[in-house]
Amino acid sequence: MKLENPSVHAATLEHFWMPFTANRQFKAAPRLLARAEGMFYWTPEGREVLDGTAGLWCVNAGHSRKPIVEAVQRQAATMDYAPPFNMGHPLAFEAATAVARVAPVGMERVFFTNSGSESADTAIKMAMAYHRARGEPSRRIIIGRERGYHGVNIGGTTVGGIPGNRKAFPAMMAGVDHIRSTHDLARNAFSKGQPAHGAEFADELERLIAFHDPSNIAAVIVEPMAGSAGVLIPPKGYLDKLAATCRKHGILLIFDEVITGFGRLGTPFAAHYFNITPDLLTCAKAINNAAIPMGAVIAKNEIYDTITNAAPEGAIEFLHGYTYSAHPMACSALLATQKLYVDEQLFARAQAMAPKFEAALHSLRDARHVIDIRNLGIVGGIELEPRAGAVGRRGLEAHIRCFEAGVLVRSTGDILALSPPLIIEDAHIERIVETIRTALAGLE
Ligand SMILES: Cc1ncc(COP(=O)(O)O)c(C=O)c1O
């Protein structure tokens, strides 16, 4: 075998198989980013792009923040890597403590992963391990929700509820069911904050529990606010009902807070925003401002204690983990990020900016093609009327037009999603909204 492939020469666009991307379309007209600072990206040609999405819902403190950059640089030069299995390094414990400090009360055990996807699959395994440890190993079914997104690993894909993501990979994990999504355009269009209608959608959980029998159900997993499927805000009272039903039947509630974690709603977690403590909470992204890949599962102390105490003395209690769990550089970025959140009071800032963000977003109500606007904290969703016979096309074209006009917005189908860094200022909000208005006006 040749050691170097003679058909591969200079760097081209062809070799990178891009994730969740229309590869052929992108490579015909690439949109590249080369530099970032604060609220902005710059293209390789030096064109400024205002970041309306915090990268991918993740750069909550703004880009290339100096304290984070310096912490990672220092750590890279001090110790690049340390094995996390039956070994440790001090930053891992400090990082877990920093996360526990902002976690809901009673949820103080932190398991590190490298992504939201790994966090979802880890939480699913924890739920099963917990029931096994307490003597109910038959509790294995996991209930997700239609239009839910829990990443792309086997568990997350299967409990996820986005049909396109599941279609090519049917029934990968046995024992999964779904409740309906909370989306109800007919009754809730243009709601500001939590919609008034739809708490009763949580009642479907009782039906599924009766169908499968509680003795077989391990957990319910939902995003408290569904992001990736198009910013679906939970109706008032819905999550309380879901939590009460889980509690009543001894079923664990997993909140997937990969998007909502670390200030997006103006509180550390959505759990605080909705005043509901789940049993397991998954997070990633803004945990360390996305500077180095990292995720985590935060567990109720009782779950950790139950799993740990069920194992014989000296045995590994939970046979799960990643080579890069608590990677030193990711931990250094986490500690610098969490300090920045506190020093700059960024969660409180998000809370203070949320009403302005809401008002600006809803001023697009009369913009061309708009059929709904949704918002919560510093998250916005603008739903466009799909073009006949070409669902998703108008959303993608709006995304491209905004990018060409210097603003990054995300399109998911025909929904534009906004989630700018929490350092956003009034002028940025105005520019985002006006760019979207102009882009939609020129769009067929
Ligand atoms: C709610 C939720 N869960 C899980 C994930 C997957 O995270 P990752 O892409 O880091 O694997 C995402 C990603 O956007 C997400 O929004």
A student applying the Cα gyration tensor rule (rounded when a/c is under 1.5; otherwise prolate if a/b is larger than b/c, oblate if not) would label the range 217-354 oblate
Over the Cα atoms of the chain, what is the Rg over Rh ratio if Rh follows Kirkwood? 0.96
Provide the packing ranking of 282-294, 125-137, i.e. peptides ordered by the mean count of other C-beta atoms within 10 Å per residue, highest first. 282-294, 125-137
Over 29 Å (Cα to Cα) - which of Lys167/Lys236; Lys2/Lys285; Lys27/Lys66; Lys300/Lys356; Lys125/Lys285; Lys167/Lys300 fall in this group: Lys167/Lys236; Lys2/Lys285; Lys27/Lys66; Lys300/Lys356; Lys167/Lys300
Hey, if you put +1 on the Cβ of every Lys and Arg and -1 on every Asp and Glu Cβ in the range 251-313, which of Asn275, Ala299, Ile259 ends up farthest toward the positive end of that dipole? Ile259
Vicinal HN-Hα couplings computed from phi for the range 153-167 (Karplus, 6.51 cos²θ - 1.76 cosθ + 1.60; Hz; Gly/Pro x): 6, 4, x, x, 5, 6, 7, x, x, 9, x, x, 6, 9, 3
With +1 on the Cβ of every Lys and Arg and -1 on the Cβ of every Asp and Glu, the dipole magnitude of the range 358-404 about its Cα centre, in debye rounded to the nearest 20, is 140
Taking Cα centroids, how far is the range 127-187 from the range 88-107 in Å? 28
In Å³ and rounded to a whole number, note down the convex hull volume per residue for the Cα atoms of the range 292-444. 187
Could you list which residues have their amide H under 5 Å from that of Ile217, counting only those 5 or more apart in sequence or on another chain, with H placed in the peptide plane? Arg140, Ile141
Just name one of Phe347, Leu364, Met329: the one whose Cα is farthest towards the positive end of the charge dipole of the range 323-371 (beta-carbon charges, Lys/Arg +1, Asp/Glu -1). Leu364
Relative contact order, percent, of the chain when contacts are C-alpha pairs under 8 Å separated by at least 6 residues? 21
What helix-only [θ] at 222 nm does the chain give? Using -39500 (n - 2.57) per DSSP H run of at least 4, over all residues, to the nearest 500, the answer is -11000 deg cm²/dmol
The Cα radius of gyration of the range 1-89, divided by 2.2 N^0.38 Å with N its residue count, comes to 1.52
Could you go through the range 345-360 in sequence order and give the Karplus-derived ³J(HN,Hα) for each residue, using 6.51 cos²θ - 1.76 cosθ + 1.60 with θ = phi - 60°, rounded to whole Hz, and x for Gly and Pro? 6, 6, 5, 5, 4, 4, 4, 5, 7, 4, x, 5, 4, 4, 4, 5
Hey, what's the chain come to in accessible area per residue, 1.4 Å probe, Å²? 45
Partner aspartates and glutamates for Lys248 [C-alpha distance under 14 Å; skip if fewer than 8 residues away on the same chain]: Asp203, Glu206, Asp213, Asp240, Asp279
Separation of alpha-carbon centers, the range 339-404 and the range 283-335, rounded to whole Å: 33
Please list, ordered by chain and number, the residues whose modelled amide H lies under 5 Å from the amide H of Ala226; skip anything fewer than 5 residues away on the same chain. Leu232
With +1 on each Lys and Arg Cβ and -1 on each Asp and Glu Cβ, and nothing else charged, work out how big the dipole of the chain is about its Cα centre, in Debye to the nearest 20. 480
Two-decimal Rg to Rh for the range 47-152 - Kirkwood Rh, Cα set: 1.04
With every protein chain in place, the range 233-276: carbon and sulfur % of accessible area (1.4 Å): 52
Just to check I understand the Karplus step: with θ = phi - 60° and J = 6.51 cos²θ - 1.76 cosθ + 1.60, what whole-Hz values come out for the range 266-283, glycine and proline as x? x, 10, x, 9, 4, 3, 5, 4, 8, 6, 10, 9, x, 8, 9, 9, 9, 8
On the accessible surface of the range 311-428, probed at 1.4 Å with all protein chains in place, carbon and sulfur together account for a percent value of 53
Interchain or long-range residues, amide H under 5 Å from Glu108's placed H: Ala299, Asn301
If the elastic network links every pair of Cα atoms under 10 Å, which of Asp177, Asp203, Asp51 fluctuates the most in the Gaussian network model of the chain? Asp203
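The values are calculated or read from the model by the stated rules, or taken from the named source; none is laboratory data. For clarity, every value in this text was computed on a predicted model and none was experimentally measured. A quick note on method: Cβ atoms are made from the backbone with ideal geometry, for glycine too, and the neighbour counts reach across all protein chains shown. Protein only, heavy atoms only, side chains kept; ligands, DNA and RNA dropped before computing areas. Shrake-Rupley method; radii C 1.70, N 1.55, O 1.52, S 1.80 Å.
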